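Working notes, structure below.
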Amino acid sequence: MAVIIIDNLNKRLNELSNPQDTLMAVGNNVQKEVVSNWNRSLGGDGTPFKPLTPKYKNYKLKVTGNAIPNMRLTGKMQKVMKTRKRGKYAVVIGFSPGQQPKADGNATKRPNMMTVSDKTISYVNKFILDRITK
């Protein structure tokens, strides 16, 4: 379903009066939702993260005082997560080059790290369509 919504929406992006600003707003809101989910030990789509391995759990407990699988050890990766413009009709949510390898490693262990839910796709659809019809 999400792919169909996005495909249909892509065909209408040229109807936006300011597509880059609209897409940046969407990307920033989706980014906030993803980080909010991480802070609750959930992937971007709201599915639970796998438990930490015993070795990493002990390490994280020593470093941070908690062993919660929340994508936060030092906080650097989340601080440099940004929504960036990519062409006229696209944005990408990503990390600075220095943090990208860490993000890639985490994504290998937690494939749901940067996914989004159907609820988020519906939000994106409504947000953009509301701006097309105004």
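The values are calculated or read from the model by the stated rules, or taken from the named source; none is laboratory data. Predicted model, so just to flag it, every value in this text is computed and none were measured. Methodologically, a virtual Cβ is constructed for each residue, glycine included, from the backbone with ideal geometry; neighbour enumeration extends over all protein chains shown.
Applying the condition of being at pLDDT 85 or above, part of a loop (DSSP other than H, G, I, E, B) and touching a helix residue (DSSP H, G or I) at 6+ places or on another chain (Cβ under 6 Å) to the range 74-103 and asking which residue is nearest to Leu16 (Cα to Cα) yields Phe95. Among the conditions (1) touching a helix residue (DSSP H, G or I) at 6+ places or on another chain (Cβ under 7 Å); (2) surrounded by 15 or more Cβ atoms within 10 Å (Cβ to Cβ), the only one that Glu15 does not satisfy is (2). Among residues of the range 93-107 that are on the phi < 0 side of the Ramachandran plot, those with a beta-carbon under 9 Å from a residue that is of a type in the set (Val, Ile, Thr) and at pLDDT 85 or above at least six positions away or on a different chain give the pairs Ile93/Val30; Ile93/Val34; Ile93/Thr83; Gly94/Thr83; Phe95/Val80; Ser96/Val80; Gly98/Val80; Gln99/Val80.
For the condition at pLDDT 90 or above, among the charged types (D, E, K, R) and surrounded by 15 or more Cβ atoms within 10 Å (Cβ to Cβ), Lys60 qualifies.
For Gln31, state whether it is over 30 Å from Asn14 (Cβ atoms), at pLDDT 85 or above and either out of contact with any Leu (no Cβ under 8 Å at 6 or more places or on another chain) or surrounded by 15 or more Cβ atoms within 10 Å (Cβ to Cβ) (or both). Steps first, please.
Values: over 30 Å from Asn14 (Cβ atoms): no; at pLDDT 85 or above: yes; either out of contact with any Leu (no Cβ under 8 Å at 6 or more places or on another chain) or surrounded by 15 or more Cβ atoms within 10 Å (Cβ to Cβ) (or both): yes.
When the stated conditions are applied, Gln31 does not pass them.
Results for (1) assigned to a helix (DSSP H, G or I); (2) under 30 Å from Asn8 (Cβ atoms), shown as yes or no for each residue.
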residue	(1), (2)
Ser36	yes, yes
Leu52	no, no
Tyr59	yes, no
Gly105	yes, no
Met114	no, yes
Lys119	yes, yes
Phe127	yes, yes
